[in-house]
1. Measure up Lys151/Lys172; Lys50/Lys124; Lys50/Lys377; Lys151/Lys216; Lys50/Lys296; Lys124/Lys364 against 29 Å on the Cα-Cα distance and list the ones that go over.
2. How far, in nm, would the chain grow between Glu405 and Ala82 when pulled straight, counting 0.36 nm per residue and subtracting the alpha carbon separation?
3. Rounded to the nearest 0.05, what FRET efficiency do Ser421 and Leu49 have when you use their Cβ-Cβ distance and R0 = 30 Å?
4. 7 Å from Cα along Cα→Cβ at both Asp258 and His324: what's the point-to-point distance in nm?
5. How much length is gained if the chain between Leu443 and Val282 is pulled fully straight, taking 0.36 nm per residue apart and subtracting their Cα-Cα distance, in nm to one decimal?
6. If ligands, DNA and RNA are left out, what is the accessible area of Val32 with a 1.4 Å probe, given in Å² to the nearest 10?
Amino acid sequence: MGVLDECHYHVGVENGVSVEVSGERGAIEDAVRVLLLGLGEDINREGLLKTPLRVAEALRDGTRGDKTVCYHQNVKDIVSGALFPESGLESSVGSAGGAGGLVIVRDLDLFSYCESCLLPFQVKCHVGYVPSGQRVVGLSKLSRVAEVFAKRLQDPQRLANEICAALQHSIKPTGVAVVLQCSHICFPNSQSDPNNHQGCVRLSVMSGSGAFDDEKAGIWTDFLGLLRFRGLTADATRSLEKSWCPSRTICKTPPASDPSLLAAVSSILYALGEDPLREDLVETPARFVNWLVNFKNSNADTKPNGFVRSSMRESSLTMPPLSHICSELNLPFWSQCEHHLLPFHGVVHVGYYSSGRAISTVGKSLLQSVVQFYGFKLQVQERLTRQVAEAASSILGEDVIVVVEASHTCMISRGIEKMGSSTATIAVLGRFSTDPTARAKFLQIIPSSA
């Protein structure tokens with residue numbers, strides 16, 4: 001593997017200043033360059049120059065809780081300074097005023113990296129415990145402990161079990177309960193029907209200790225009752241025995257991949273302190289590469305524009321003169337952020353003028369093909385929006401408006417952690433570029449649930 005054989009130190013340049021790059025980060029950056037080259041990309045292209053650095057920093061930040069048995073952040077260190085005496089906490093049956101009863105911290109937003117495919121997944125974490133020994137723990141510490149175990153390669157059930165066990169061991173309460181609501185991005189591919197793409201796989205898991213050991217115990221009813229507005233019931237949560245990752249379902253036997261790409265991903269795992277030969281990680285490089293090659297740069301000489309024009313002539317579709325605004329809404333797409341090598345997905349809305357006749361089925365199909373063609377690449381949303389607008393004008397005429405709405409995985413990871421955020425971009429051509437009233441009319445057409 002050459003430079004991928006071991007972690008090493010080398011000198012890099014950031015903002016014109018030479019800096020020494022740690023072996024861990026340097027190895028990941030080298031591996032990312034191998035992956036980019038394997039995708040047919042120019043690693044010296046301006047948009048990709050700092051991609052290796054960005055990917056390395058995101059992975060290191062997202063797995064900083066996973067190093068040794070004690071980890072970089074020790075759970076006892078987090079909790080020990082935040083145990084407070086509270087009179088009235090007794091071991092006798094019953095409690096009053098909340099003292100001695102169940103304590104729950106709800107809706108902790110976390111993210112973790114899936115060990116099966118190396119993509120981030122979102123977690124809504126609910127932690128509860130029953131105090132004992134006349135002590136309560138600072139509520140913020142429950143969140144910090146959960147984050148320590150989330151910041152590593154994980155699966156949902158192990159994450160729940162580790163949070164639960166760590167709290168039980170460190171604060172020694174009467175019992176601990178953990179419920180996680182997890183969502184993992186699906187695995188479309190460039191050959192599949194984009195209309196069949198679902199945004200996320202969702203799963204809820206639970207773990208309990210002490211008084212919560214028995215999943216049928218009455219205290220679980222109390223715990224879940226306080227989460228009832230989150231759609232959680234005993235039936236909605238379960239212990240997970242097998243991986244939930246869509247990559248395992250779609251690609252049970254990963255196809256043969258370029259050995260250099262597989263070696264690059266194995267090098268990343270090693271640099272993160274993982275053993276690539278661990279049972280749960282053996283096929284991870286192949287699954288990640290299988291996902292990534294969907295976005296391989298085809299360098300096709302034939303642009304959709306030329307294909308669109310010839311197809312439109314063959315179908316004898318002619319556009320009528322300007323009259324009123326028509327639209328094609330919610331055209332789904334998937335793409336891969338070229339800055340962080342993380343997926344983003346969403347919908348495209350296209351507006352155009354018509355004298356009373358919408359475009360034909362052929363035109364709709366071509367629009368979706370255009371969206372898919374430009375989506376399955378290393379991209380940025382701004383460029384994708386412009387490219388779709390320019391190609392759509394070949395089908396619809398020069399008066400076109402395009403709005404893209406997307407969720408970016410990079411917004412929930414790499415230290416940003418802005419859960420639930422979305423990004424909207426707009427491109428306008430022809431009359432839409434000079435007529436604010438026309439733009440406003442189209443924007444009102446877009447459904448609020450897009």
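1. Beyond 29 Å between Cα atoms: Lys50/Lys124; Lys151/Lys216; Lys124/Lys364.
2. Fully extending the segment from Glu405 to Ala82 adds 112.0 nm.
3. Computed FRET efficiency for Ser421 and Leu49: 0.70.
4. Output for this residue pair reads 5.2 nm.
5. Extra length available between Leu443 and Val282 comes to 53.2 nm.
6. Result for Val32: roughly 0 Å² accessible.
The values are calculated or read from the model by the stated rules, or taken from the named source; none is laboratory data. Fair warning: this is a prediction, and the values are worked out from it, not measured in the lab. Ideal geometry is used to build each Cβ from the backbone, glycine not excepted, and the neighbour counts take in all protein chains shown. For accessibility, only protein heavy atoms count, side chains too; no ligands or nucleic acids. Shrake-Rupley method; radii C 1.70, N 1.55, O 1.52, S 1.80 Å.
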